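Asks: Please read through the structure below; I'll follow up with questions.
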Amino acid sequence: MYLPSWLSQLYRGLSRPIRRTTQPIWGSLSRSLVLSSQRRNPEFSSFVVRTNTCGELRSSHLGQEVTLCGWIQYRRQNTFLVLRDFHGLVQVIIPQDESAASVRKILCEAPMESVVQVSGTVISRPAGQENPKMPTGEIEIKVKTAELLNACKKLPFEIKDFMKKTEALRLQYRYLDLRSFQMQYNLRLRSQMVMKMRDYLCNLHGFVDIETPTLFKRTPGGAKEFLVPSREPGKFYSLPQSPQQFKQLLMVGGLDRYFQVARCYRDEGSRPDRQPEFTQIIDISDVFRNTEIGFLQDALSKPHGTVKAICIPEGAKYLKRKDIESIRKFSADHFDQEILPVFLNTNRNWNSPVANFIRESKRPELIRLMETQEEDVVLLMAGEHNKACSLLGKLRLECADLLETRGVVLRDPTLFSFLWVVDFPLFLPKEENPRELESAHHPFTAPHPSDIHLLYTEPEKVRSQHYDLVLNGNEIGGGSIRIHNAELQRYILATLLKEDVKLLSHILQALDYGAPPHGGIALGLDRLICLVTGSPSIRDVIAFPKSFRGHDLMSNTPDSIPPEELKPYHIQVSWPTDSKAAKAH
């Protein structure tokens with residue numbers, strides 16, 4: 001059997017005995033690949049005549065004959081233009097003499113963002129006309145020949161980072177948005193970070209990179225899953241919301257140090273995921289323990305009832321009436337909860353008798369307990385403990401965004417503050433039926449060793465071996481120690497969570513065959529890179545993201561499928577009535 005030389009080297013490299021070393025076995029192979037990639041064969045492509053990229057030329061290249069390809073980014077007075085590729089910018093001088101009329105015509109008439117190829121000489125810019133802001137700012141190209149490779153039609157928006165574009169427009173023409181400097185920077189940084197991660201895990205710590213299947217089966221717990229029809233009647237695949245079970249099975253199989261850059265599919269709305277902190281939630285129940293205000297008294301009389309508040313520093317100075325109304329609407333729409341804004345200074349409660357009464361009667365206590373100043377605003381709510389904390393946590397971030405739009409500097413994007421969150425509850429009461437339990441993390445999370453006895457008496461009090469990693473207020477990763485005992489796993493699934501254990505028979509069987517103690521963590525790569533680049537949304541660090549509603553605006557996906565193409569999958573679409581369809585739109 002004949003093997004190409006590079007494949008022979010790969011085979012010989014993989015056939016060597018495994019040694020404990022951090023040196024990769026790919027040395028000679030990678031060198032041969034690099035060398036072969038530098039060979040140019042005009043028979044395959046006429047564009048390999050490019051000698052340099054637009055961003056690499058410097059004074060050291062003076063006098064050299066070069067050929068460049070790129071987009072026309074800028075042109076002035078038909079005298080010079082700026083050529084751009086994915087490596088940078090370079091200034092090109094348009095020839096003015098009659099002998100170069102054809103070249104001048106191409107470079108002067110080509111629309112912006114057209115692709116051109118130019119050949120010429122690297123020369124120095126005239127004294128005093130250097131551009132220190134451009135890496136290539138000391139030189140320019142004196143053009144001799146030019147070719148228009150592809151003319152550009154009128155663009156839906158200019159390829160400039162300072163141009164304000166709606167996100168919907170950016171996503172619809174994503175292939176154009178990707179040309180922007182910021183998107184180029186974000187995606188190239190993402191690539192470099194992933195390479196560093198792989199190098200660190202594989203070469204320094206002996207991890208193994210393994211891909212896990214995309215088509216799997218429906219499993220209980222966690223986020224909603226996307227279903228994929230099969231050609232067997234009534235049977236579906238499920239896209240994994242996380243390769244959780246595969247992680248465990250690999251560890252059972254002896255691959256104790258495994259990782260992958262995994263695709264996770266969750267049937268839920270996306271969000272910008274910007275969650276830094278700027279103020280604390282304070283419990284002020286004791287201040288109102290003997291209050292005569294009805295709704296506060298009613299809340300405190302119930303189990304787990306509480307009165308909590310957050311302080312918006314200088315809120316009276318920066319927030320307007322419409323901002324306060326927006327905060328109250330957010331609370332009502334998302335949490336079905338009333339928020340009471342209390343201004344501590346002058347007459348700013350906008351005819352709210354309750355807020356006025358609280359300010360007058362409890363003002364000294366609020367100022368002492370919450371350490372507020374005259375210009376601060378207190379957002380107060382009464383209700384069940386968990387609901388109150390969740391709502392005020394969301395409002396804290398909403399208020400931070402509002403203040404920053406007013407020019408208040410609250411969060412330093414260059415500062416990275418990490419935090420581990422531990423001692424989560426193993427179970428939470430189901431929202432639709434509080435008497436039943438659901439997993440706080442996922443059903444494979446191990447209970448805290450000190451609390452195992454409570455599983456059989458008071459399971460709601462059991463802590464889990466679950467941990468979250470937080471950066472600048474954003475959860476960037478989470479994981480847990482897993483259950484490695486089949487009997488314990490079966491008890492939690494069947495008895496406490498009332499799940500159908502048949503769906504997980506494969507993992508229960510694996511745990512019965514000598515499964516070692518194991519655990520892991522998953523980092524949200526998109527969210528992490530979003531924080532590192534300072535992007536306001538994870539969609540700014542993904543090449544082709546979905547919209548907030550999960551749509552691909554560029555290709556108009558999801559799309560309808562003709563009935564005849566659904567027949568092999570034994571699926572029939574049940575269309576909504578006109579009234580329901582109208583509501584959906």
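Asks: Using only the Cα atoms of the range 443-585, build the gyration tensor, take square roots of its eigenvalues as a ≥ b ≥ c, and label the shape rounded, prolate or oblate: rounded if a/c is under 1.5, else prolate if a/b is larger than b/c, else oblate.
Replies: Working: a/c = 2.37, a/b = 1.42, b/c = 1.67.
In terms of gyration-tensor shape, oblate.
Asks: Another question about this same structure. Efficiency by 1/(1 + (r/R0)^6): what FRET value for residue 321 and residue 255, r their Cβ-Cβ distance, R0 = 45 Å, to the nearest 0.05?
Replies: 0.15
Asks: Right, here's the next one. From largest accessible area down, sort 54, 202, 264; use a 1.4 Å probe on the protein chains.
Replies: Details: 54 0, 202 50, 264 70 Å².
Listed by decreasing accessible area, they come as 264, 202, 54.
Asks: Just check the range 463-546 against the gyration tensor rule for me: Cα atoms, a ≥ b ≥ c as the square roots of the eigenvalues, rounded for a/c under 1.5, and otherwise prolate or oblate depending on whether a/b exceeds b/c.
Replies: Here the range 463-546 falls in the prolate category.
Asks: Pairs of Cα atoms under 8 Å, at least six residues apart: use those to get the relative contact order of the range 383-466, whole percent.
Replies: With pairs under 8 Å counted, the relative contact order is 26 percent.
Asks: Relative contact order, percent, of the range 77-127 when contacts are C-alpha pairs under 8 Å separated by at least 6 residues?
Replies: 22 percent
Asks: Please give, to one decimal in nm, the separation of the simple spin-label points placed at residue 440 and residue 189, each 7 Å out from Cα toward the Cβ.
Replies: Simple spin-label model gives 3.4 nm for this pair.
Asks: Right, something else. How much length, in nm to one decimal, is gained on full extension between residue 505 and residue 532, taken as 0.36 nm per residue of separation minus their Cα-Cα distance?
Replies: So the chain would gain 5.6 nm between residue 505 and residue 532.
Asks: Could you work out how far the C-alpha centroid of the range 372-403 sits from that of the range 92-126, in angstrom?
Replies: The two parts, judged by their Cα centres, are 60 Å apart.
Asks: What order do 263, 435, 179 take when sorted by accessible area (1.4 Å probe), most exposed first? Spell out each step's value before the answer.
Replies: Values: 263 180, 435 225, 179 50 Å².
Sorted descending by solvent-accessible area, the residues read 435, 263, 179.
Asks: Something else: Please give the solvent-accessible surface of residue 265 in Å², to the nearest 10, using a probe radius of 1.4 Å with every protein chain present.
Replies: Its heavy atoms expose roughly 70 Å² to the probe.
Asks: Just to make sure I understand: if all protein chains stay in place, what is the order of 334, 442 by accessible area at 1.4 Å, largest first?
Replies: In descending accessible area the options line up as 334, 442.
Asks: Here is a follow-up. Can you give me the accessible area per residue for the range 282-342, using a 1.4 Å probe, in Å²? The partial results should precede the final answer.
Replies: On the way: 3300 Å² over 61 residues.
That works out to 54 Å² per residue.
Asks: I've got another one for you. Which whole-number value in Å² is the accessible area per residue of the range 358-422, probe 1.4 Å?
Replies: Per residue, the range 358-422 has an accessible area of 55 Å².
Asks: Still on this structure, I have one more. Once you keep just the Cα pairs under 8 angstrom separated by 6 or more residues, what percentage relative contact order results for the range 111-238?
Replies: Details: 106 pairs, mean separation 20.4, N = 128.
Computed value for the range 111-238: 16 percent relative contact order.
Asks: While we're on this one: Express in nm, to one decimal, how much length is gained between residue 144 and residue 401 on full extension, taking 0.36 nm for each residue of separation and deducting their alpha carbon distance.
Replies: On the way: separation 257, 0.36 × 257 = 92.52 nm, distance 5.30 nm.
In short, 87.2 nm is gained.
Asks: Residue separation times 0.36 nm, minus the C-alpha to C-alpha distance between residue 169 and residue 428: what's the value?
Replies: 89.1 nm
Asks: Turning to a different aspect of this structure: Once ligands and nucleic acids are excluded and a 1.4 Å probe is used, how much of residue 385 is accessible, expressed in Å² to the nearest 10?
Replies: 80 Å²
Asks: Please calculate the 1.4 Å probe accessible area of residue 490, with all protein chains present, and give it to the nearest 10 Å².
Replies: Here the residue's solvent-accessible area equals roughly 100 Å².
Asks: Let's test the formula: R0 of 35 Å, r as the Cβ-Cβ distance of residue 546 and residue 200. What FRET efficiency results, to the nearest 0.05?
Replies: On the way: r = 30 Å, r/R0 = 0.86.
Approximately 0.70, to the nearest 0.05.
Asks: How far apart, in nanometres, would the label points at residue 178 and residue 53 be if each is projected 7 angstrom from Cα along the Cα-to-Cβ direction?
Replies: About 1.6 nm, to one decimal.
Asks: Right, something else. Using a probe radius of 1.4 Å on heavy atoms only, what accessible surface per residue do you get for the range 454-585? Whole Å² is fine.
Replies: Per residue, the range 454-585 has an accessible area of 58 Å².
Asks: Would you mind classifying the range 308-434 by shape? Square roots of the alpha carbon gyration tensor eigenvalues, ordered a ≥ b ≥ c; an a/c under 1.5 is rounded, otherwise it is prolate if a/b is larger than b/c and oblate if not.
Replies: oblate
The values are calculated or read from the model by the stated rules, or taken from the named source; none is laboratory data. Since we're looking at a predicted model, the values are computed, not measured. Using ideal geometry, Cβ is built from the backbone for each residue, glycine included, and neighbour counts are taken over all protein chains shown. The protein model used for the area step is the full one, side chains on, heavy atoms only, and it has no ligands, DNA or RNA in it. Shrake-Rupley method; radii C 1.70, N 1.55, O 1.52, S 1.80 Å.
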